[in-house]
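Working notes for the structure below.
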Amino acid sequence: MAGSLGARHTLRARLALAIGAVVAMLAGLVAAVTTSAYAAAGCQVTYRVASQWPGGFTGDVAVKNLGEPINGWTLRWAFDAGQTVTQAWNATVTASGAQVTARDAGYNGAIATNGTASFGFNGSWTGSNPVPSSFTLNGTACTGSVTSASPSSSASTSPSPSTSTSPSPSTPPQPGDAMAAVAAMQPGWNLGNSLDATGADETSWGNPRVTAALLDNIRAQGFNSVRIPVTWGQHMGGAPSYTVDAAWLARVKEVVDWALADGFYVMINVHHDSWQWINTMPGDRTNIQNKYNALWTQLAAAFRGSSPKLVFESVNEPQFTGSSGDAQNAELLAALNKEFHRIVRASGGTNATRLLVLPTLHTSADQARIDELTTTFNQLNDRNLIATVHFYGYWPFSVNVAGGTRFDSAVEQDLVGQFDRVANAFVARGIPVIIGEYGLLGFDRHTGTIEQGEKLKFFEYLGHYARTKKLTTMLWDNGQHFGRTSFAWSDPELFGQIRSSWTTRSGTASADFVYVPKAGSVAAQTLTLNLNGTTFQSLRQGGTDLVRGTDYTVSGNQLTLTAAALTRLVGSRSYGVNTTLQARFSAGVPWRINIITFDPPVLAGATGTTAAFSLPAQFRGDQLATMEAKYADGSNAGPQNWTPFKEFDVTFAPDATANTITLRPAFFAEVNDNARVTLTFHFWSGTKVTYYVTKSGSTVTGTTA
């Protein structure tokens, strides 16, 4: 991320997850021979329940080939307890009754001796979820040992029908096949806030040292590429040689080599240097260009012999300070990109044809920025170039400001516009595009800035539309998503939606909650289903399907929960989530629906200072969506005064555990002295609660009337 977005981040406390993990070590992978000789065969299968919840689970399967190389595999097993597979990745999984068949996805059909092919799936279960008792692979029962297969074996080494259409990650495409290589890089992950940290070492922004085990675990999540951002400036000497510290370069190379050994495509770059020193190029062009050239000369030499699966990115989020405007910005970036290209190509070795990634200014997908980069591509005329932009969504939604609380048509069309522009400019011409970072800007503070269901819909659509436009995506993760030492997702539901979007669409709904008042009669409530090309299958509580027609009805895209069902589901109506339902569709992950009992929240008066003001708040089962701030004359109060709706967590922050809503110093910094401000707190139940604050110097008084 760029300077303001690359501020120091620390790992946040993660909710402990009840994860069932079961490993079955089984064997028996058979490869047929093509001559009269006998071939050694055998394998080890690791089956693991990576996570489990009422009615559902995620399974990870790894097949290690202990025998001679094979090309094309089919793994079969039985779910004796009636489990079903609802969605899979890195394999095609089908079922007939209890019998399950997983076939390679083409790119992972070839397994070398001692090599491994991995895939995963989401499934459903009722009663129990035991590990399969046996497996067969290519028609041969797993035996737990290496054996010889005769020429009459029924196993086959013929490639599966899809092997000719996708490159295997272990065999990089040939020079000039950039589109195929970038397709094989999907999906990708960013090792953020580690080697790109601007302090003395990779731990200076709070993350631990990178380990080979971390990369192993990321690979096991289904990622095929890893972007390793690196900041170099603090590890470089002075002019004229600008020598990179040997220990730092060796450390970067160590991490790169670990990733390559895992089978990843790997991208390295010049990261926060973009805003630390490269941005001063308008006023110091010769020195900055010389330093940049010296850096890439050293990097090109250091990685000259590395695997072609190592990819170079010229610079992250390029930007310039003090330029005369767009024309000069474009000219300076073109100079950097062209010199980068010249230096790497001239260094020879694998660099002569290595895939090189060139960004737009600010990695923006605005048409003018795309046009500028298109000119550079035309001038370089190199078929091993990749274009890159970053995507963090429609800004009001991405940070939750200006009432941007929902994934609505404005958010969707912003995404469509950006992806369409890069696809039309590059992909349509055979130039691949990598979305080098994606996410939501609010995640830089914490992932709760945007309501859970709304963010799930955003990522579901992002993955879908990127697939339709043949864009490879790389998730930005500065440690807030995948634990660097726990190797667990801080939000498994979010990652489940992201992972599903790599291969299929999922059904969603207008909300992931139904609010039921604590007092009075319970009424039927309706949600609008977003089928997204799927069909609605059932509504489930835990392992039990609700009864259609009695507990709920479906009319077109309207799902209505009956009053009788809601009365039963809320029980004694204690505040908060009383139960959770799953709307299940013909594809993708289920849609969670929380059934919540609430009363209107109650706020209380308080005094404090502009540096520390928290008002007491009884949330009573409700959840805060946004805050509106206005003066008595109706004008907008606080920062970003073009809108009454303030930025979540930057100006206000709810804490349901502490029963407070904190107004941040950033809010009071732009509030007029002795001018009463009317705050309207909007809650997800639809409730609005009014509160008043007055700032006098550094003193703040809050009242309910």
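Here are the numbers:
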| read-out | value |
| --- | --- |
| Residues of the chain: accessible area per residue with a 1.4 Å probe, Å² | 37 Å² |
| Spin-label pair Q99/R304, simplified geometry with 7 Å Cα→Cβ offset, distance in nm | 5.8 nm |
| Whole-percent pair-distance distribution, where bins are 5 Å wide, for the alpha carbons of region 243-299 | 4, 16, 21, 22, 16, 11, 7, 3, 1 |
| Distance from region 271-335 to region 69-100 (C-alpha centre basis), Å | 48 Å |
| Carbon and sulfur %, accessible surface of region 584-705 computed with the full protein complex present, 1.4 Å | 48 percent |
| Centre separation in Å (Cα based) which lies between region 591-649 and region 254-268 | 46 Å |
| 30 Å Cα-Cα threshold exceeded, pairs from K309/K455; K455/K518; K469/K646; K309/K457 | K309/K455; K469/K646; K309/K457 |
| Computed label-point distance, nm, for sites T567 and A141 using a 7 Å Cα→Cβ extension | 5.7 nm |
| Loop sites in region 606-705: trypsin sites (Lys or Arg not before Pro), DSSP, at most 16 other Cβ within 10 Å | R676 |
| Region 226-239 - phi-based ³J(HN,Hα) in whole Hz, Karplus 6.51/-1.76/1.60, Gly and Pro as x | 9, 8, 10, x, 9, 9, 10, x, 6, 10, 10, x, x, 5 |
| Heavy-atom accessible surface of region 166-300: percent carbon and sulfur, 1.4 Å | 54 percent |
| P(r) weight above 13 Å for region 362-403, C-alpha pairs, percent | 62 percent |
| Theoretical FRET efficiency, 1/(1+(r/R0)^6), r = Cβ-Cβ of A428 and A335, R0 35 Å, to 0.05 | 0.85 |
| Share of Cα-Cα pairs in the chain lying beyond 31 Å, as whole percent | 60 percent |
| Beta bridges per DSSP with both ends in the chain, % antiparallel, nearest 5 | 75 percent |
| Candidates per chymotrypsin sites (Phe, Trp or Tyr not before Pro) in region 637-675, loop by DSSP, up to 13 other Cβ within 10 Å | W642 |
| Contour minus Cα-Cα distance for R209 and T678 (0.36 nm per residue) | 164.1 nm |
| Pairwise FRET efficiency - T286 versus S241, Cβ, R0 = 22 Å, nearest 0.05 | 0.90 |
| Cut-off 11 Å between beta-carbons: net charge of the residues surrounding N316, Lys and Arg +1, Asp and Glu -1 | -4 |
| Spacing of the two label points (7 Å from each Cα toward its C-beta) at S486 and A705, in nm | 4.5 nm |
| Cβ-Cβ FRET estimate between A519 and A81, R0 fixed at 30 Å, reported to 0.05 | 0.10 |
| Convex hull projection area averaged over all views, region 212-361, Cα basis, nm² | 8.8 nm² |
| Amide proton proximity set for G55, modelled H, under 5 Å, gap of 5+ | W125 |
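The values are calculated or read from the model by the stated rules, or taken from the named source; none is laboratory data. For clarity, every value in this text was computed on a predicted model and none was experimentally measured. Heads up, the Cβs are rebuilt from the backbone with ideal geometry, glycines too, and the neighbour counts pull from every protein chain shown. To get the accessible areas, we keep the full protein, side chains included, count just its heavy atoms, and leave off ligands, DNA and RNA. Shrake-Rupley method; radii C 1.70, N 1.55, O 1.52, S 1.80 Å.
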